[in-house]
1. Scan the range 271-289 and give yes if some residue there is in contact with a strand residue (DSSP E or B) (Cβ under 8 Å, 6 or more places away or on another chain), among the aromatic types (Phe, Trp, Tyr), modelled with pLDDT of 95 or more and assigned to a strand (DSSP E or B), otherwise no.
2. Please state which of the following conditions residue 222 fails to meet, knowing it meets all the rest: (1) assigned to a helix (DSSP H, G or I); (2) within 15 Å of the chain's Cα centre (by Cα).
3. For residue 205, work out the one condition from (1) within 21 Å of residue 121 (Cα to Cα); (2) surrounded by fewer than 23 Cβ atoms within 10 Å (Cβ to Cβ); (3) aliphatic (A, V, I, L, M) it doesn't fulfil.
4. From the list 46, 56, 66, which one is basic (Lys, Arg), at pLDDT 90 or above and not in a loop (DSSP other than H, G, I, E, B)?
5. I'd like the full set of residues that are closer than 15 Å to residue 198 by Cα and of a type in the set (Asp, Glu), limited to the range 141-160.
6. Only one of these conditions is not met by residue 83: (1) surrounded by fewer than 23 Cβ atoms within 10 Å (Cβ to Cβ); (2) assigned to a strand (DSSP E or B). Which number is it?
7. Do we find a residue being under 24 Å from residue 162 (Cα atoms), of a type in the set (D, E, K, R), buried (at least 24 other Cβ atoms within 10 Å of the Cβ) and under 16 Å from the mean Cα position of the chain (by Cα) anywhere in the range 232-244?
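The values are calculated or read from the model by the stated rules, or taken from the named source; none is laboratory data. Owing to the predicted nature of the structure, the values given are computational and were not obtained by experimental measurement. All Cβ positions, even for glycine, are placed from backbone atoms using ideal geometry, and neighbour counts span all protein chains on display.
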Amino acid sequence: MYRRKFVKSLASTTLLTSLGGFPLTAFAKDDLIKLTILHTNDVHSRIEAFPMDGSRNEGLGGAARRATLIQKIRSEVEHSLLLDAGDIFQGTPYFNFFLGELEFKLMSAMNYDAATIGNHDFDAGVEGLNKQLPLANFPLLNTNYDFSDTPLNGKIKPYKIFQKGDLKIGVFGVGIELEGLVAPEMCKNVRYLDPLKKANTYAQILKQEEQCDLVICLSHLGYKYKENKISDIVLAKQSKNIDVIIGGHTHTFMKSAKTYMNLDQKEVIINQVGWAGMMLGRLDFYFERNRKGKCVGCGNSLIK
């Protein structure tokens, strides 16, 4: 398996040219492998769409609408992944009553491939998250929370590798510092570790040792802050081997993905799609099948 370096295009999902201006149409269809990444963040137990009450968000969101959209896209593409960047729980009475059961069951029905853990996913405590975990048929990934002295010990994996055709995709997760965000009794014995250090450690494992073609970080750190604290932008700039950061926590509605240069002066794509499941993120990557070296383009759109 060889690695393929990717570049991001300035075009949309109807991408016809790469960053260097070389047309994708110059390649025969069989020369390219297309990978579609669908993603959500901070859904916050928005099971039903917002009510039709004249508010700004009326009619938006809801699991049924999202599931229909995901199913449609999957029917149109051969290779795809569906990922979530955390804060699955909390925000509507559905969580207060079912404590996460319904959220995990619905995500499992939609066949999510992986998710990371947000601070609100501890709102029923470590024990509550552990109780609902068997209902998730997808892994929760995190590298910088130490669960050794909790009921979640051994149940949260740092990363997972997905094989999509000839492509090998590595996905790992990082989470925000819980102190000040989560009541101590709700995250008892969970130790917070440096997310930048852990991200670089596991990105190197995935890219260099596992030879993944694409390395994706599911981040619940937040897109950016005025104060000096770790964010997706800081992570991108101070990282190596990460290709894509799918973010959460700050509820940032990004009209299109942004790129930042890492320590090796290689591009890192960051995307985040607000909150409450009002939008579904989509990133399309194109890889050359029979030539070493690179992806010829990447497009992004937000689907309302």
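1. No, because not a single residue in the range 271-289 is in contact with a strand residue (DSSP E or B) (Cβ under 8 Å, 6 or more places away or on another chain), among the aromatic types (Phe, Trp, Tyr), modelled with pLDDT of 95 or more and assigned to a strand (DSSP E or B).
2. (1)
3. Checking residue 205 against (1) within 21 Å of residue 121 (Cα to Cα); (2) surrounded by fewer than 23 Cβ atoms within 10 Å (Cβ to Cβ); (3) aliphatic (A, V, I, L, M), the one that fails is (1).
4. Details: 46 fails: not in a loop (DSSP other than H, G, I, E, B); 56 fails: not in a loop (DSSP other than H, G, I, E, B).
Only one candidate passes the filter, namely 66.
5. The one that is closer than 15 Å to residue 198 by Cα and of a type in the set (Asp, Glu): 146.
6. Status for residue 83: all satisfied but (1).
7. Kept after step one, since they are under 24 Å from residue 162 (Cα atoms), are these residues of the range 232-244: 232, 235-236, 239-244.
With of a type in the set (D, E, K, R) added as a condition, the list becomes 232, 240, 243.
Pick out the ones that are also buried (at least 24 other Cβ atoms within 10 Å of the Cβ) and you get 232, 243.
Checking the rest, the ones that are also under 16 Å from the mean Cα position of the chain (by Cα) come to 232, 243.
For the range 232-244, residues under 24 Å from residue 162 (Cα atoms), of a type in the set (D, E, K, R), buried (at least 24 other Cβ atoms within 10 Å of the Cβ) and under 16 Å from the mean Cα position of the chain (by Cα): present.
Yes/no matrix, rows are residues, columns are (1) touching a helix residue (DSSP H, G or I) at 6+ places or on another chain (Cβ under 7 Å); (2) over 26 Å from residue 32 (Cα atoms):
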site	(1), (2)
153	no, yes
156	no, yes
163	no, no
191	no, yes
196	yes, yes
